[in-house]
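The values are calculated or read from the model by the stated rules, or taken from the named source; none is laboratory data. From a predicted model like this one, the values you see are computed outputs, not experimental measurements. Here the Cβ positions follow ideal geometry from the backbone for every residue, glycine too, while neighbour counts run over all protein chains shown. Just so you know, the surface numbers come from the protein's heavy atoms only, side chains and all, with ligands and any DNA or RNA stripped out. Shrake-Rupley method; radii C 1.70, N 1.55, O 1.52, S 1.80 Å.
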Amino acid sequence: MYSAIAVYTLAFFAFCAEWVFGSRSRVAQQSAALAEASAERVPAQAAPARPVAPAAAIAAAYGGSATGEAASAVAIAERPVVVVRDAGHDGDGADDGGDVTRGSDRSDRFGRTAVAFTVLAFLLHAGTLLARGFAVKRAPWGNMYEFSTSVALMVVAAFLILLTRRPVRWLGLFVLLPVITTLGVAITVLYTDTQQLVPALHSYWLWIHVSTAIVSFGALHIGALASILYLMKDSYNKRMAAPAPATRPWDTIMERIPSPNSLDKTAYRVNALIFPLWTFAVVAGAIWAENAWGRYWGWDPKETWSFITWVAYAAYLHARATGGWKGRNAAWLSLLAFACFLFNYYGVNMFINGLHSYAGV
C-alpha cells in the first residue's frame, strides 16, 4: 500500500507538471501574440486581390518584407503543429476535452507519464487488496480501512475507464488528490489488523451488497468532481465576462478545463449511469438484512442514510431530466447528494451507533 501511495504521488506531480508546462507553452503564447498583432495591423476591410503566401501575408501584417522581426514571426507561425494524444475524440465526447497541454509536447509527455504512473499505482493498489483478501480468506472490505482502500481503487478505476472513452486526462489531477488523501487517512486513522468477521457477515451477500456499494461510491466521486469543477468554471466565465475582470492565481487552470456545459453533461452522465447500481446496492442490503436479522428494513441509521442518499440522487436526476435543472442548481443538488453519501459512510460509521457498527473502525 505504501508503494501504491508513493506511485500515486509521482503520478500527481506528473499531472501537475503537465498543467505547469502547458501554461508556459511557448508555441501557444507566441502564436496567440502573433494572431493578436496581425489582427491589429491588418485593416478590417482589406482583402488580397490574389492568393497570398503565408510568409508574405505575415510580412505584410508587420509592414515590410519577411525579414527581421517578420521573418521570426513567420518561423514561429510555420512551426509544425504538435499533435498531442489528449487532443480529443470524435463524436459526442469531443467537447469533453480540456486544453491542458496547449500544444506543448513537453506537457504532453508529462501527461502520458502521469497516466502510466497511475496505471502502475492502480495495479499495486489492487495487489494490496488481493493480498489482504487472501490473508483473511474473505472479501477484503469487512471494516472501514478495507472499505476506504477499496473505494479509492474504484475511483481510479472509474477514471481509467472513462479515459478510454473520452479525453479526460485533465481530470487526473483532481482525481488523484482525494485518492491520496483517502489512502492516507485509511493507513493512519482507520487501519485495522486482519481479523475475521462476526457471524452476521458470513454470507454471500457480503460480496454482492458491499461490492456494488463500493463501485457506486467510487464512481460517484467522478460525478461530484465534475460538479465542483462546473461551479468553479461557471464562476470563472462570469468573472471574465465583467467589464474589468479581476484575476485569480488559479485562472490559468480554469481557462483550460472544459466548458461548463461539458462538465454539467459529464456529471449527469456519470450519476445517471451509477444510480441504478446504487439502487441495487440498497435493495441487496435489505435482502441481506432479512437473512441476518429477520426483517428487510428497520430504520437503522445506516439504512436511513442510505435511503436519504438514494432520494437525494433520485431528486437530482429527476430535476435534471424533467425540471430543466441544468447548471448551478443541478450541480449543488449533485454535491448535496454526494455529501449525504459521505456522511452515510464516515459520520454514521464513526459517530452513530447502530446494527452496522459491529465491525468497528
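Going by average Cβ density within 10 Å per residue, which order do the peptides 104-114, 158-168 take, highest to lowest? Kindly include the intermediate steps, with their values, before the conclusion.
On the way: 104-114: 20.5, 158-168: 17.9.
Ranked from most to least packed, the peptides come out as 104-114, 158-168.
Within the shell defined by Cβ-Cβ distances under 14 Å, the residues around GLN196 carry a net charge of +1, with Lys and Arg each +1 and Asp and Glu each -1. Net charge in the neighbourhood of ARG320 (other residues with Cβ under 11 Å of its Cβ; Lys, Arg +1, Asp, Glu -1) is +2. Taken as Cα centroids, segment 218-241 and segment 108-147 sit 28 Å apart, rounded to the nearest whole angstrom.
Using a simple spin-label model with pseudo-atoms 7 Å out from Cα toward Cβ, THR9 and TRP332 lie 3.9 nm apart. Here the label points at ALA135 and TYR191, each 7 Å from Cα along the C-beta direction, are separated by 1.0 nm in the simple model.
Would you work out what percent of the accessible area of segment 119-267, with all protein chains in place, is carbon or sulfur (probe 1.4 Å)? Walk me through the numbers before you get to the answer.
Values: 4290 of 6190 Å².
Using a 1.4 Å probe with all protein chains present, segment 119-267 comes out at 69 percent carbon and sulfur.
Label zone (ALA292, point 7 Å along Cα-to-C-beta; backbone nitrogen cut-off 13 Å) within segment 127-151: 141-144. The slack in the chain from PHE343 to ALA314, taken as 0.36 nm per residue of separation less the alpha-carbon distance, amounts to 8.7 nm.
Take the Cβ atoms of MET350 and ASP105, set R0 to 45 Å, and the FRET efficiency comes out at 0.40.
Just check segment 186-227 against the gyration tensor rule for me: Cα atoms, a ≥ b ≥ c as the square roots of the eigenvalues, rounded for a/c under 1.5, and otherwise prolate or oblate depending on whether a/b exceeds b/c. Oblate shape, in that a/c is at least 1.5 and b/c is the bigger or equal ratio. In a fully extended conformation the segment linking CYS16 and TYR2 would gain 2.9 nm over its present Cα-Cα distance, using 0.36 nm per residue.
If R0 equals 30 Å, the separation of the Cβ atoms of ARG112 and GLU255 corresponds to a calculated FRET efficiency of about 0.85. Would you mind classifying segment 111-233 by shape? Square roots of the alpha carbon gyration tensor eigenvalues, ordered a ≥ b ≥ c; an a/c under 1.5 is rounded, otherwise it is prolate if a/b is larger than b/c and oblate if not. Prolate. Work from the charge dipole of segment 141-244 (Cβ charges, +1 for Lys and Arg, -1 for Asp and Glu, about the Cα centre) and give the residue of SER203, LEU176, MET240 farthest towards its positive end. Positive-end residue among those listed: MET240.
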